[in-house]
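*Asks:* Right, I'll just put the structure down here and ask away after.
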Amino acid sequence: MKNSKQLELKLPSVQICLKLKPSLHDKLKKISTQRGESVQKVITTLAEGKELKPQLLDPENNKKCLTELKRIGNNVNQIARKVNSGYQKDWHTSIQFLSTELKKITELLTYHVAS
């Protein structure tokens with residue numbers, strides 16, 4: 001059985017023209033910039049009755065965190081490969097390095113969530 005999203009028909013989009021007071025337009029632009037989304041996406045989300053969930057990081061810092069997380073994931077994979085291959089010499093050093101990297105990410109996230 002298909003889920004409800006698969007049963008939904010794809011209808012063509014309809015273009016609309018919307019007149020707004022400058023202050024409301026500025027507010028929408030600010031929200032969309034903060035979220036890293038288009039004004040259209042923000043309006044569509046609200047029109048669908050969905051809540052605009054607060055984002056923990058702005059788009060630029062989000063990219064930095066993803067880059068850091070990818071590096072950490074790569075390090076974890078390298079450690080796992082060494083451990084699984086029977087390599088045991090100096091594995092404590094690798095785990096300590098990983099722990100340091102995880103602490104950096106935690107500090108970065110804590111700083112941005114608190115501000």
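The values are calculated or read from the model by the stated rules, or taken from the named source; none is laboratory data. Given the structure is predicted, the values throughout are model-derived calculations rather than measurements. Glycine also receives a Cβ, built like all others from the backbone with ideal geometry; neighbour counts cover every protein chain displayed.
*Asks:* Anything in the range 99-115 that is modelled with pLDDT of 80 or more and surrounded by 14 or more Cβ atoms within 10 Å (Cβ to Cβ)? List them, or say none.
*Replies:* Residues satisfying the conditions are 101, 102, 105.
*Asks:* May I pose another question? Please note which helices (runs of 4 or more DSSP H) are completely contained in the range 1-90 and include at least 2 residues that are surrounded by 11 or more Cβ atoms within 10 Å (Cβ to Cβ) and modelled with pLDDT under 85. Working first, answer last.
*Replies:* On the way: elements: 4-7, 22-35, 39-47, 59-84.
Per the criteria, 22-35, 59-84.
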